[in-house]
Each structure stands twice: as structure tokens, then as C-alpha cells.
Amino acid sequence: MSVKRASQRIGKAGLATALLCLAAACSNISSSTPEGLTTIDPDRMSFAISEARSLRARGARVWCVPFARNVSGVEIRGNANTWWGQAAGAFDRSKKPEVGAVMAFAATRGMPMGHVAVVSEVRSDREILIDHANWHRNQISLGMSVIDVSDKNDWSRVKVESNPGQYGSVYPINGFILPGTT
């Protein structure tokens, strides 16, 4: 796949994350940008992508939970809809997105097991980018835009950019689980 096609498929930020992962596989680089901004740990991302590729090569399904756990280091098991509750007392939780935090989607009728994703960039107080798996069946999505559409700007309701420039349904969010234990 050409770089141009890859950037159209996963977006510029996702491509940057993928390139960081490739660079991490070839050298020992830091998980901070030159400006001091926090980024996803490239070794963890490289491992998560490698694990997902391995699963797909064996004909197995790529799920959001192991992908988010591998990228973030948040060691929680079970369906995504249980992560928010399981995190209480074990991990710091927040209503504000931070790079590296796990975004915990609440269960809905259309998504009864919930969903988890990892925040890869905070673009503004109303937009973030996430890296996650199985939003598109059995695929990894890097640098996918999410906008806060809650009335109180509290990240309780979001829309996810499933296709470039197209935001779909509104999804309820429990909050963000921060890596590291309390």
C-alpha cells in the first residue's frame, strides 16, 4: 500500500502513529515529541499492532479490549462495558481526555458489550483522536477523530468519525481510565 493510500485510510495522525511504531521497531525512541507533548508509547503500539496482525493471520478476531489493554497498559479483563466499573479504586478515572487514557464507551442497544479505545491526541476541548480495534469489523483504526457533542462539554456523549469527514451516531461515554494504578 502506498503512503498516500495509507494516509487516506487511517488519516494523517494515524499514519504518524504507524510511522512512530515502525521507527520504534528500528530504533530506541522516546514516547514524547520534541515539544514535550505526551504520545502513545511506540513500543506498546508496535506490540498491539503486531498482536492484531498475528490474530488476523491465524483467522482469529481482533477485539477492542486486548488492543486497548496492549496500547495503554491498563490491565483490565472482561467485556468493554465492565471496564469503567472495574477501574474504580484500581485506576484513576477522569471525565477529561488525556493522551494514553482508555476511553470507555457505555453499553448501548447497538453496542451491548460497550467499546474501549485509547486517546492518541487531544486536539481541542471538543476533539480528540483515538486508536482502537474492531470499530470497523476486525480492523485497527488509528487516529480516528472523536468529537464531544455533550451539552455541558463533559465528554459524556460523542460522535466518532467512521469515514473521513463523516460523524455517525451519538454514543454515551462513561469517561477515561488513566494508565497507572491509584
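The values are calculated or read from the model by the stated rules, or taken from the named source; none is laboratory data. Values in this document were obtained by computation on a predicted structure and should not be read as measured data. Virtual Cβ from ideal backbone geometry, glycine too; neighbours counted across all protein chains shown.
Before moving on, here are some points about what is shown:
- Residue count for region 97-120, restricted to those that are part of a strand (DSSP E or B) and under 13 Å from ARG69 (Cβ atoms): 5
- Filter result for HIS115 (at pLDDT below 95, more than 16 Å from THR39 (Cα to Cα) and not small (Gly, Ala, Ser)): no
- Those residues of region 145-182 which are part of a strand (DSSP E or B) and either in contact with a helix residue (DSSP H, G or I) (Cβ under 7 Å, 6 or more places away or on another chain) or closer than 23 Å to ALA90 by Cβ (or both), in sequence order: PRO172, ILE173, ASN174, GLY175, PHE176, ILE177, LEU178, PRO179, GLY180, THR181
- Taking helices (runs of 4 or more DSSP H) as the structural unit, those lying wholly within region 40-96 and holding at least 1 residues that are acidic (Asp, Glu) and surrounded by 13 or more Cβ atoms within 10 Å (Cβ to Cβ) correspond to 42-57.
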